[in-house]
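Asks: To start, I am sharing the structure in question, which I have written as structure tokens.
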Amino acid sequence: MKYNTRQRELILECLMNSGGRHITAEDILEYLKENDTPVGKSTVYRYLEALTEQSAIRKYTIEDGIGACYQYIGNPGGCQEHYHLKCSKCGRVFHVSCEFMDDINSHILKAHDFRVDSGKTVFYGICGACGKREENMD
């Protein structure tokens with residue numbers, strides 16, 4: 001029998017209040033600690049997996065073996081129709097809803113008979129802010 005605990009409520013609250021940002025389990029652990037409800041890492045990961053299976057959140061692998069980040073989507077389909085950009089310098093993840101990307105998706109389907117899952121597609125590079133910092137250091 002599953003039941004809601006204060007810890008689960010706070011984990012869900014943290015995800016819901018993230019404003020659609022991608023957050024890590026470490027972010028959630030810090031949030032719980034700040035709310036005087038410290039929880040074990042394994043409890044957080046178990047609940048995150050349960051929420052992923054329920055399609056309440058999306059899980060994004062940051063890098064193989066390094067970790068994942070999570071995004072609250074509430075209802076299924078909330079974060080599946082766009083691509084993601086990940087900055088290799090600062091680690092931020094950005095949402096990209098762009099007709100050009102949709103055209104690429106259509107091309108891949110028509111020309112290569114391959115359906116891309118845009119919600120799990122991540123392009124890696126350097127964001128504008130990190131690029132400017134690099135330019136200023138030269």
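Asks: Would you mind computing, in nm to one decimal, how far apart the modelled labels at residue 110 and residue 50 are, each placed 7 Å from Cα along Cα→Cβ?
Replies: Taking the simple label geometry, residue 110 and residue 50 are separated by 4.6 nm.
Asks: Another question about this same structure. Counting pairs on different chains as well as pairs 8 or more places apart, how many Lys pairs in the chain have Cα atoms under 22 Å apart?
Replies: Lysine pairs, 8 or more places apart or on different chains, close enough: 12.
Asks: Let me ask something else about it. Mind grabbing the base-10 log of I(q)/I(0) for the chain at q = 0.10 Å⁻¹? Debye formula, identical points on the C-alpha positions, no solvent, two decimal places.
Replies: Normalising to I(0) and taking log10 leaves -0.42.
Asks: Expressed as a rounded percentage, what relative contact order does the chain have, with Cα pairs under 8 Å and six or more residues apart? Write down the numbers at each step before the final one.
Replies: Details: 155 pairs, mean separation 26.5, N = 138.
The value is 19 percent.
Asks: If each residue of separation counts as 0.36 nm, what is the full-extension length gain between residue 97 and residue 6 once their alpha-carbon separation is subtracted? Kindly include the intermediate steps, with their values, before the conclusion.
Replies: Values: separation 91, 0.36 × 91 = 32.76 nm, distance 3.56 nm.
So the chain would gain 29.2 nm between residue 97 and residue 6.
Asks: Could you compute the FRET efficiency for residue 17 and residue 121, with r as their C-beta to C-beta distance and R0 at 25 Å, rounded to 0.05? Please report the intermediate quantities before stating the final value.
Replies: Numbers: r = 26 Å, r/R0 = 1.05.
Efficiency at R0 = 25 Å is approximately 0.45.
Computed from the coordinates by the stated procedures, all read-outs in this text should not be read as laboratory data. Given the structure is predicted, the values throughout are model-derived calculations rather than measurements. Positions of Cβ are generated from backbone atoms using ideal geometry, with glycine treated the same way; all protein chains shown enter the neighbour counts.
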